[in-house]
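Visitor: Provided herewith is a single structure, encoded as structure tokens, for subsequent inquiry.
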Amino acid sequence: MLMQYFVGALVSAINIGIHALVTVVAVSIARTAGLRPTGRPGLHLMGVMVATAAVLQIAHTLEVLVWAGAYGVVQAAAADSGLLYFAFVNYTTLGYGDITPVREWRLIGPLTAMNGVLLFGWSAAILFEVLRKTLDHLGMTEVSGGK
């Protein structure tokens with residue numbers, strides 16, 4: 001059981017590092033694009049948000065690939081069972097249950113799900129911050145002056 005926690009912690013740490021790097025890239029791209037002057041603020045906002053979401057989705061896909069690779073290395077499930085699919089189902093907490101880990105690695109699914117939930121929450125926070133900053137720059141936020 002200790003080995004499952006070690007592998008889960010290691011893969012989670014790798015994915016957190018990937019997500020931190022992608023956060024820096026996404027915020028940099030959003031800052032550069034979001035601060036450009038524009039005559040079409042709505043279209044500009046959409047572009048910034050789509051670009052940010054696309055970068056984050058690529059990051060999540062890469063993180064799932066890391067999990068799938070780890071599953072293969074530790075032989076967490078049968079090799080012919082579709083490790084990438086298994087990793088996606090766990091990472092997204094979809095949990096179909098049509099593929100299950102071997103008994104010795106049954107904690108790997110919940111550890112993967114825990115990592116996915118954390119990183120999806122992180123992505124939501126990034127998207128919200130990019131939206132907030134872009135709206136501020138475009139002067140599209142309301143300021144209430146009363147009660």
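Visitor: Quick one: putting +1 on the C-beta of Lys and Arg, -1 on the C-beta of Asp and Glu, what dipole do you get for region 28-147 around its Cα centre, in Debye to the nearest 20?
Guide: Values: 8 positive and 7 negative charges, 96 e Å.
Result for region 28-147 is approximately 460 debye, rounded to the nearest 20.
Visitor: A follow-up question, please. For the chain, report the translational diffusion coefficient in µm²/s to the nearest whole number, using Stokes-Einstein at 25 °C, 0.890 mPa s, and a Kirkwood Rh over Cα pairs.
Guide: On the way: Rh = 17.0 Å.
So the translational diffusion coefficient is about 145 µm²/s.
Visitor: Grab the beta carbon distance between Arg103 and Leu10, set R0 = 22 Å, and tell me the FRET efficiency rounded to 0.05.
Guide: 0.55
Visitor: Quick one: ranking Leu135, Leu119, Leu2 by accessible area, 1.4 Å probe, largest first, what do you get?
Guide: Leu2, Leu135, Leu119
Visitor: Expressed as a rounded percentage, what relative contact order does region 1-99 have, with Cα pairs under 8 Å and six or more residues apart?
Guide: This gives 25 percent for region 1-99.
Visitor: With a 10 Å radius around each residue's Cβ, average the other Cβ atoms per peptide and rank 61-70, 44-53, highest first. Don't skip to the end; give the middle numbers.
Guide: Numbers: 61-70: 19.1, 44-53: 17.2.
Top of the packing list down: 61-70, 44-53.
Visitor: For Thr112, Thr38, what's the largest-to-smallest order of accessible area, 1.4 Å probe?
Guide: Reading off the accessible areas and sorting them downward yields Thr38, Thr112.
The values are calculated or read from the model by the stated rules, or taken from the named source; none is laboratory data. Not measured: the values here are computed from a predicted model. Cβ atoms come from the backbone with ideal geometry, glycine included; neighbour counts cover every protein chain shown. Accessible surface areas use protein heavy atoms only, side chains included; no ligands, DNA or RNA. Shrake-Rupley method; radii C 1.70, N 1.55, O 1.52, S 1.80 Å.
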